[in-house]
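This report concerns only the one structure given below.
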Amino acid sequence: MTIRKVGVVGCGLMGSGIAQVAAMSGYETLVSDVSEEILQKGFGRIEDSLSKFVEKGTLSAEQRQETLARLKRTLRVEDYTDCDIVIEAIIENVQAKKDLFAQLDRICKPEAILASNTSSISITEMAAVLTPERQRRFLGLHFFNPVPLMKLVEVIPSLFTNEEIVARATEFAKSLGKTPVRAKDRVGFIANRLLVPYLIDAVRALEEGVGSIEDIDATMKLGCNHPMGPFTLLDFVGLDTTYYIANIMYEEYKDPRFAPPPLLKQMVLAGWHGRKTGRGFYDYTDPKNPKPMKF
Ligand SMILES: NC(=O)c1ccc[n+]([C@@H]2O[C@H](COP(=O)([O-])OP(=O)(O)OC[C@H]3O[C@@H](n4cnc5c(N)ncnc54)[C@H](O)[C@@H]3O)[C@@H](O)[C@H]2O)c1
């Protein structure tokens, strides 16, 4: 089966990015979320990102229009019946994802591939809610933020996934211009296994007064040649998402390296989720000139 139509569930940071690259790569693409307002916000992000590609000269104005014409939106999961692959990019919550996959399994055509963009949840655990036929056609496809710019996709088979499906999903990732790597189904996979302890250690360092937000960020940028410091990255990823991932990893490994520090939890409870809410470790009232928060 050739992949022609792509479904994306969730039109937040990641879902909107995945839908954008699928449509840019020539696939008919359907994306959903829980409200029209969120879908509109997601489409706004896509339009802005496409405009930036046009400004840079990497996309023509015509290609931008063609991409937008390939993108459709819906509020109904039932509309995914004729998709060849459906990629889930909803909140990082095991039960929410299991409920969605059980529903998609019933709705999607038998030959459709289902994939999760989870950052940390075990693919095998989610596969448990699927029928045996679908379990073989289900895997993790973990994109990175911002999806239109980041090259990597982690491809994560569960204990059930058929090798032919892994090969097809890998080819699909390549067709989106991405570089796939294969990761074992261990909570956090490769990237977050290494990244999450680093990010939350930066929050601990801040709590302990080792350095200010700006100085810790400057240290990792200028001293270690990272493209951005840990607090800028945390604000990009989303503090809520990082907090959920850290909790899932701590729950799995019972290793304090993954335990989210109190400040991160407080900020999530306060609704300071980073760039997407206008405030995180920096205040984005003036998005071009973020100001570090004082704690
Ligand atoms: N933020 C990152 O850097 C990053 C990177 C890689 C993977 N991920 C993973 O991608 C997923 C989404 O993360 P995000 O950063 O886009 O979060 P987000 O909060 O920006 O978006 C999640 C979206 O899912 C929607 N949603 C929730 N339940 C839904 C449902 N049942 N049906 C349809 N839509 C639903 C929400 O309304 C929201 O718009 C998570 O699993 C996250 O771990 C995130």
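Computed from the coordinates by the stated procedures, all read-outs in this text should not be read as laboratory data. Being a predicted model, the structure only gives us computed values, none of them experimental. Positions of Cβ are generated from backbone atoms using ideal geometry, with glycine treated the same way; all protein chains shown enter the neighbour counts.
Dipole magnitude for the stretch 192-292: computed about the Cα centre from +1 point charges on Lys and Arg Cβ and -1 point charges on Asp and Glu Cβ, it is near 200 debye. Peptide packing: for 96-104, 223-231, 238-246, the average count of neighbouring Cβ atoms within 10 Å per residue gives the ranking 238-246, 96-104, 223-231, highest mean first.
With +1 on each Lys and Arg Cβ and -1 on each Asp and Glu Cβ, and nothing else charged, work out how big the dipole of the chain is about its Cα centre, in Debye to the nearest 20.
Working: 37 positive and 38 negative charges, 67 e Å.
Using only the charged Cβ atoms, the result is roughly 320 debye.
Computed from Cα atoms, the angle from the helix 94-107 axis to the main principal axis of the chain rounds to 20 degrees.
If I fit a long axis through the Cα atoms of helix 239-253 and take the longest principal axis of the Cα atoms of the chain, what angle between them do I get, 0 to 90°, rounded to 10? Helix 239-253 sits roughly 80 degrees off the main axis of the chain.
Distant-in-sequence amide contacts of ARG73, defined by a placed amide H-H separation under 5 Å and a gap of 5 or more residues or a different chain, comprise VAL31.
By how many degrees, between 0 and 90 and to the nearest 10, does the Cα long axis of helix 36-56 differ from the longest principal axis of the chain? Roughly 80 degrees, rounded to the nearest 10.
Given the stretch 1-159, what percent of its DSSP beta bridges are antiparallel, to the nearest 5? Here the antiparallel bridges make up roughly 15 percent for the stretch 1-159. Legend: residue pairs LYS221/LYS291; LYS174/LYS276; LYS5/LYS97; LYS52/LYS178, Cα-Cα distance threshold 26 Å; pairs beyond threshold, LYS174/LYS276. DSSP assigns beta bridges within the chain; of those with both partners inside it, close to 25 percent run antiparallel. Quick one: go through the stretch 252-295 and flag any residue whose amide nitrogen is under 16 Å from the point 7 Å out along the Cα-to-Cβ line of GLU37. Only 277-278 pass the distance filter.
Once you order the gyration tensor axes a ≥ b ≥ c over the Cα atoms, which shape class does the stretch 149-195 get: rounded for a/c under 1.5, otherwise prolate or oblate by comparing a/b with b/c?
Values: a/c = 3.65, a/b = 1.04, b/c = 3.51.
Because a/c hits 1.5 or more and a/b fails to exceed b/c, the stretch 149-195 counts as oblate.
Using the rule -39500 (n - 2.57) for each DSSP H run of four or more residues, divided by the residues of the chain, the 222 nm mean residue ellipticity is -13500 deg cm²/dmol.
Place a +1 charge on the Cβ of each Lys and Arg in the stretch 1-144 and a -1 charge on the Cβ of each Asp and Glu, then give the dipole magnitude about the Cα centre in debye, rounded to the nearest 20. Display every interim value, and only then the final one.
On the way: 18 positive and 20 negative charges, 42 e Å.
With only Lys, Arg, Asp and Glu charged at Cβ, the dipole is about 200 debye.
If you take the Cα centroid of the stretch 1-73 and the Cα centroid of the stretch 226-253, the two points sit 25 Å apart. For GLY140, the residues whose modelled amide H falls within less than 5 Å of its own, excluding neighbours fewer than 5 places apart on the same chain, are SER116, ILE156, SER158. In the frame of its principal axes, the stretch 192-292 has Cα extents of 39, 31, 23 Å, reported largest first.
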